[in-house]
1. Normalised by the residues of the chain, what does the relative contact order come to in percent, with Cα pairs under 8 Å and at least six apart?
2. Within the chain, what is the longest stretch that has no GluC sites (Glu not before Pro) placed in a DSSP loop and near at most 10 other beta-carbon atoms within 10 Å?
3. Which ³J(HN,Hα) values, rounded to whole Hz and listed in residue order, are derived for the range 157-170 from phi using the Karplus coefficients 6.51, -1.76 and 1.60 in 6.51 cos²θ - 1.76 cosθ + 1.60 with θ = phi - 60°, glycine and proline given as x?
4. Per 5 Å bin, what percent of the C-alpha pairs of the range 75-214 does each bin hold, from zero upward?
5. Give me the accessible area per residue for the chain, probe 1.4 Å, as a whole number in Å².
6. With θ taken as phi - 60° and the coefficients 6.51, -1.76 and 1.60, list the Karplus ³J(HN,Hα) couplings across the range 107-117 in order, rounded to whole Hz; mark glycine and proline as x.
7. Distance cut-off 19 Å, Cα to Cα: go down the list Lys87/Lys118; Lys31/Lys110; Lys89/Lys158; Lys31/Lys160; Lys59/Lys87 and report the pairs above it.
8. Considering every Cα-Cα pair within the chain, what fraction, in whole percent, is farther apart than 23 Å?
Amino acid sequence: MYAEIVKNIAIINGRIQAACKNCGRDPREVKLLLATKTVPAERIKVALEAGYTLVAENKIQEIKEKYEALKEIPHTSHFIGHLQTNKIKNLLAYDVTCLQSLDRFELAAKLNQRLQAKNKTMEVLLQVNTSFEESKFGAAPDDTIGLVKQVAQLEALKIKGLMTIGLFSAETESVRKCFRLLKSIQQQIIALNIPNVEMKELSMGMSSDLETAIEEGATIIRVGTAIFGKRSTTDRYYWNETTKI
Ligand SMILES: *Cc1c(COP(=O)(O)O)cnc(C)c1O
């Protein structure tokens with residue numbers, strides 16, 4: 001069961017290599033992030049010990065539950081879920097390096113305040129709702145540049161790029177549109193040369209659409225299912241607050 005995880009990572013690496021080759025990119029430009037929601041700590045450990053140390057959770061509760069078991073193994077922790085402002089303090093307490101799901105100014109301002117009080121900084125990616133689905137979090141594409149300008153004023157937040165969840169569709173070209181939109185927003189932001197804004201990272205692509213994301217410029221792909229297996233909890237629980245399970 002554990003050997004499966006290492007084997008699956010090798011398969012993902014093969015897919016990354018092939019996708020990069022297809023579009024003439026250097027595979028070293030693409031980081032593999034383990035999306036570990038619902039995965040127990042022992043299984044995450046297997047991947048960390050194999051040298052894959054970029055991990056992300058969607059819920060603070062799950063970070064809490066796994067923190068002790070994982071802290072002995074050096075790794076980098078990102079957060080990719082919807083975050084309520086009353087949970088911000090946990091990002092600091094559990095050593096989260098990057099909040100990939102920053103989607104509104106209120107959250108940014110409160111996070112900035114808390115970081116400044118502790119004399120710390122945090123990396124952030126702005127999450128953009130490129131699929132225009134109401135069930136997905138993220139800033140509206142048209143609001144993203146305005147939000148970047150506002151967040152850039154907050155000294156404790158270091159903007160590193162953008163994140164999106166593509167449309168769930170078997171039609172590659174519809175999914176590709178989402179990733180292209182993210183890339184085009186990135187290019188527009190770069191052209192504005194905003195102080196305190198770096199736009200190197202594009203976090204996009206998951207188990208089913210990572211090739212398309214890589215072709216469109218992803219620098220971080222977030223993979224769960226294809227490494228750890230199917231989840232028993234519906235993703236709606238993670239992506240839409242109003243859905244109860
Ligand atoms: C679960 C999740 C992923 C990984 O999805 P898989 O289809 O399991 O690879 C990526 N990004 C976010 C934000 C997620 O919640």
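The values are calculated or read from the model by the stated rules, or taken from the named source; none is laboratory data. Because the structure is a prediction, the values reported are computed rather than measured. Backbone-built Cβ (ideal geometry, glycine too); neighbour counts: all protein chains shown. The protein model used for the area step is the full one, side chains on, heavy atoms only, and it has no ligands, DNA or RNA in it. Shrake-Rupley method; radii C 1.70, N 1.55, O 1.52, S 1.80 Å.
1. The normalised contact order for the chain reaches 20 percent.
2. The segment 172-245 is the longest one with no such site.
3. Coupling constants for the range 157-170: 9, 10, 6, 10, x, 10, 10, 8, 10, x, 4, 7, 7, 7 Hz.
4. Per 5 Å bin, starting at zero, the Cα-Cα P(r) for the range 75-214 comes out as 2, 10, 21, 23, 19, 13, 8, 2, 1, 0 percent.
5. On a per-residue basis, the chain sits at 48 Å².
6. 5, 4, 5, 5, 5, 4, 4, 5, 5, 4, 4
7. Lys31/Lys110
8. Across the chain, Cα pairs with separations above 23 Å total 48 percent.
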